[in-house]
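Below: one structure, written as structure tokens.
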């Protein structure tokens, strides 16, 4: 084989490589939907209570609650990108104003919309681990809780702002188009402040979440 033929073959191979890579990428591309549900472990939410001048510390005592989410995304090789909506609720069981503490019976909730990116780490043909981050917008709603002796010191508060989360998970392939997964995460929600001259303000709060779910693939 002369130099001209060798050069021609090399050029042809070089031109074919992008086409082969594109064909492989198309073969591995897949869109998906997912649904998951589980729990959040919010245990308390500190507060600053302002009576129009003096300020005291306070807090809500919270029972861990429930959370669920739905997502729509796309995967390519070992990367996934998705839009996710999450909703969570929790029970408020008590409130503290300065050194005074009393029981309560109320509930709070949050709604979150994020863009998530994950990196997959295949362990075998059926099992894979993954890690990811998400950023977006969320809204928190905290209830009004009556203080001791009927003092309405902890008014309802709500706010929408930026949120972020981190996740680790494992998924198991059930077939060609379905995977079951379990994941743990850390979700950071915005704080909130009530209205009025006497107000309560809550700082940003982060807490862990745990969920199990199903991911369905489609083209």
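Set the Förster radius R0 to 25 Å, insert the Cβ-Cβ distance between residue 29 and residue 188 as r into 1/(1 + (r/R0)^6), and round the FRET efficiency to 0.05.
0.20
In Å, what is the Rg of the alpha-carbon atoms in segment 32-218, and how long is Dmax?
Over segment 32-218's Cα set, Rg and Dmax evaluate to 19.3, 63 Å.
Modelled label-to-label distance, residue 70 and residue 107, 7 Å Cα→beta-carbon offset: nm?
Going from the residue 70 label point to the residue 107 one covers 1.9 nm.
Expected output is a single nm value to one decimal: the length gained when fully extending between residue 115 and residue 135, i.e. 0.36 nm times separation in residues minus the C-alpha distance. What is it?
Working it through step by step, the gained length comes to 6.6 nm.
Just want to confirm a number: the relative contact order over segment 32-218, from Cα pairs under 8 angstrom separated by 6+ residues, in percent.
The normalised contact order for segment 32-218 reaches 22 percent.
Run the simple label-point estimate for residue 98 and residue 77 please: 7 Å along Cα→C-beta, distance reported in nm.
6.3 nm
Between residue 89 and residue 57, what FRET efficiency comes out of the Förster formula 1/(1 + (r/R0)^6) with R0 = 22 Å and r the beta carbon distance, rounded to 0.05?
Given R0 = 22 Å and the Cβ-Cβ separation, E is 0.30.
Rank-order 96-108, 183-195 by packing density, defined as the average count of other C-beta atoms within 10 Å over each peptide's residues, highest first.
Top of the packing list down: 183-195, 96-108.
Laboratory data are not the source of any read-out in this text; all were calculated from the coordinates shown. Please read all numbers here as calculations on a predicted model, not as lab measurements. Please note: Cβ atoms are built from the backbone with ideal geometry, for glycine as well, and neighbour counts cover all protein chains shown.
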